[in-house]
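Take a look at the structure below.
The values are calculated or read from the model by the stated rules, or taken from the named source; none is laboratory data. All of these numbers come straight from a predicted model, not from anything done at the bench. Here the Cβ positions follow ideal geometry from the backbone for every residue, glycine too, while neighbour counts run over all protein chains shown. These area figures cover heavy atoms from the full protein model, side chains too; ligands, DNA and RNA do not enter into them. Shrake-Rupley method; radii C 1.70, N 1.55, O 1.52, S 1.80 Å.
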Amino acid sequence: MPTDGILSGLRVIDCGTYIAGPASATVMSDFGAEVFKIERPQGGDLFRLFPHLPGTPKSELNYCWILTGRNKKSVALDLADPDGREALLKLVKTADVFVTNYQSQLLSKFRLTWEDLHEVNPRLIFAHITGYGDSGDDADLPAFDALAYWARSGLMTSVTGRDGTPSGPRPGIGDHPTATALFGAIMLGLYNRERTGVGTKVSTSLIASGAWAHGCDLQAKMFGAEFPQPTKGSHPVNPLTSGYVTRDGKVFLLVQLDPDHEFPRLCAMLEAPELARDPMFATAEARTEHAAELFAILQSQFESKDLADWRKGFREYDIKWSQLPTLGDVVDDPQMRAAGAFVDIDYPGHGTIETINSPMFVSGFEKRKPTAAPEVGAHTREVLRELGYTDDTIDAMVGRGVAAATAR
């Protein structure tokens with residue numbers, strides 16, 4: 001099985017910040033692409049500082065940077081300085097993909113727009129993530145995924161508790177799906193280049209990705225569908241797609257989307273087959289009318305045994321369910337490792353740790369073994385030398401603050 005990666009030989013410039021743009025480059029790096037992370041000489045990507053913000057989880061390790069910065073080469077350049085921009089343009093001439101989530105006005109300020117870079121390298125795939133798209137009154141508004149993906153798309157409003165309170169987002173909840181969308185767009189751009197020999201601009205936005213994630217409800221609303229209103233009582237609207245608590249205090253989610261076939265199996269598992277024939281519960285209309293009664297019956301059954309006991313019955317009767325785990329349960333879940341969701345990484349001073357794998361796999365190809373996320377400017381000298389810069393010139397750039405680099 002090849003181990004050099006299906007994207008081996010591809011050169012990618014990650015000229016973004018935080019998550020959405022850079023994470024698409026991380027996916028490419030997992031498949032063997034060489035990724036150059038362009039950062040500010042003073043402090044690097046602001047995402048490095050995220051774990052220090054109030055309200056974020058605290059750890060000895062910079063978990064954000066380990067996740068998104070892996071496999072990359074850090075090149076620290078001041079793009080506002082002509083020498084810094086010139087160094088980036090020399091790298092662009094050698095690259096296949098340029099990824100950025102800078103706002104359009106910032107790209108114009110640095111003269112790094114699609115039109116600018118297409119002149120430098122006509123084969124370049126220019127991949128741009130925005131918050132709100134390329135046109136419209138709000139196109140140039142600054143955005144995070146909490147704003148454009150989670151809130152503006154309506155997802156935050158739709159994901160509510162029974163009291164109607166919207167649920168808040170978690171870090172990267174929209175950035176990572178949007179990065180995956182951009183990865184797909186980049187692959188389309190590369191495929192088109194294979195056919196035409198010419199690069200192109202590809203893009204996505206947080207708001208469009210949020211709309212895609214929220215597509216079922218938004219499509220329904222477009223067609224004037226009537227939505228059930230959240231209930232403030234003690235029972236859900238649909239007890240067959242609801243959470244339940246077991247005797248040992250574990251919470252699980254039951255989902256039966258084909259109740260005509262699945263509900264009788266559930267009743268059989270509960271050793272109460274007569275429930276499926278009871279006029280109060282035999283049809284969808286009846287179950288809706290008597291949702292409170294059905295929920296009470298099911299909850300009384302499920303709280304009579306531990307989750308481990310129900311787990312066996314769920315498998316035997318082909319019941320669709322999932323435990324609502326704690327984060328500790330998730331990171332200890334052996335199925336995560338069996339599914340390839342987690343991957344080992346050697347991290348200096350900490351031995352072998354785990355990180356989150358990108359969620360795409362190609363039969364016949366292994367992903368690269370992840371390497372540790374770099375310090376700011378860890379590869380500046382190496383890359384600038386490759387581009388023809390002498391050590392004296394590099395030292396002068398470092399001395400002026402145009403670049404940051406580790407010791408020779």
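Quick check on my filter: what residues within the range 251-286 are touching a helix residue (DSSP H, G or I) at 6+ places or on another chain (Cβ under 6 Å) and open to solvent by less than 50 Å² (accessible area, probe 1.4 Å)?
Those that are touching a helix residue (DSSP H, G or I) at 6+ places or on another chain (Cβ under 6 Å) and open to solvent by less than 50 Å² (accessible area, probe 1.4 Å): Gln256, Phe263, Cys267, Met269, Leu270, Leu275, Ala276, Phe281.
Considering each of Glu226, Glu194 in turn, give the residue that is surrounded by fewer than 18 Cβ atoms within 10 Å (Cβ to Cβ), out of contact with any helix residue (DSSP H, G or I) (no Cβ under 8 Å at 6 or more places or on another chain) and at pLDDT below 95.
Just a single option satisfies the conditions, and that option is Glu226.
Just give me the residues in the range 55-106 being without any contact (Cβ under 8 Å) to a residue 60 or more places away in the chain, out of contact with any Phe, Trp or Tyr (no Cβ under 8 Å at 6 or more places or on another chain) and either crowded, with 18+ Cβ neighbours inside 10 Å or not small (Gly, Ala, Ser) (or both), in sequence order.
Matches in the range 55-106: Lys58, Glu60, Tyr63, Pro82, Glu86, Leu89, Lys93, Gln103, Gln105, Leu106.
Need at least 2 residues that are open to solvent by less than 80 Å² (accessible area, probe 1.4 Å) and of a type outside the set (Val, Ile, Thr) per element, so show me which strands (runs of 3 or more DSSP E) inside the range 291-376 make the cut, counting only ones lying wholly within it.
321-323, 342-347
Specify the residue that is least open to solvent (accessible area, probe 1.4 Å); the eligible residues are those in the range 31-48 that are assigned to a loop (DSSP other than H, G, I, E, B) and among the charged types (D, E, K, R).
Of everything passing the filter in the range 31-48, Asp45 is least open to solvent (accessible area, probe 1.4 Å).
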